[in-house]
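Worksheet for the structure shown next.
The values are calculated or read from the model by the stated rules, or taken from the named source; none is laboratory data. On a predicted model such as this, the values are computed, not experimentally measured, just so you know. Glycine gets a Cβ as well: all are built from the backbone with ideal geometry, and neighbour counts include every protein chain shown.
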Amino acid sequence: MSSSHKFVIDTNVFIEAYTRYYSFDIAPSFWNTVIQHAENGHVISIDRVKQEMNRLHKEDE
């Protein structure tokens, strides 16, 4: 991936990935890769996505 590319991810991408195909226990490498790309600045999001994910996490623990 070129270092000039950035992908802006919304809440739905995380939710769909988790609930349909890549739950944490089935596909940890998928989530580790997402984290790695986020740390490298290739995957980004906005504050509202973080807030929504935190709210959903509290409701769905």
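Before we move on, is residue 23 among the hydroxyl-bearing types (Ser, Thr, Tyr) and assigned to a helix (DSSP H, G or I)? It is false that residue 23 is among the hydroxyl-bearing types (Ser, Thr, Tyr) and assigned to a helix (DSSP H, G or I).
Within region 26-35, the set of residues being within 20 Å of residue 7 (Cβ to Cβ) and in a helix (DSSP H, G or I) comprises 29, 30, 31, 32, 33, 34, 35.
Hey, any hits in region 20-31 for a residue that's on the phi < 0 side of the Ramachandran plot, of a type in the set (Val, Ile, Thr), within 13 Å of the chain's Cα centre (by Cα) and modelled with pLDDT of 90 or more? No. Are any of the residues in region 51-60 part of a loop (DSSP other than H, G, I, E, B), surrounded by 13 or more Cβ atoms within 10 Å (Cβ to Cβ) and at pLDDT below 95? Within region 51-60 (the criterion being part of a loop (DSSP other than H, G, I, E, B), surrounded by 13 or more Cβ atoms within 10 Å (Cβ to Cβ) and at pLDDT below 95), the answer is no, since none of the residues qualifies.
A Cβ distance below 8 Å, combined with a sequence gap of six or more or placement on separate chains, defines the contacts here; from region 4-28, residues that are over 17 Å from residue 51 (Cα atoms) reach residues that are surrounded by 13 or more Cβ atoms within 10 Å (Cβ to Cβ) and aromatic (Phe, Trp, Tyr) in the pairs 17/30; 22/30; 22/31; 24/18; 24/31.
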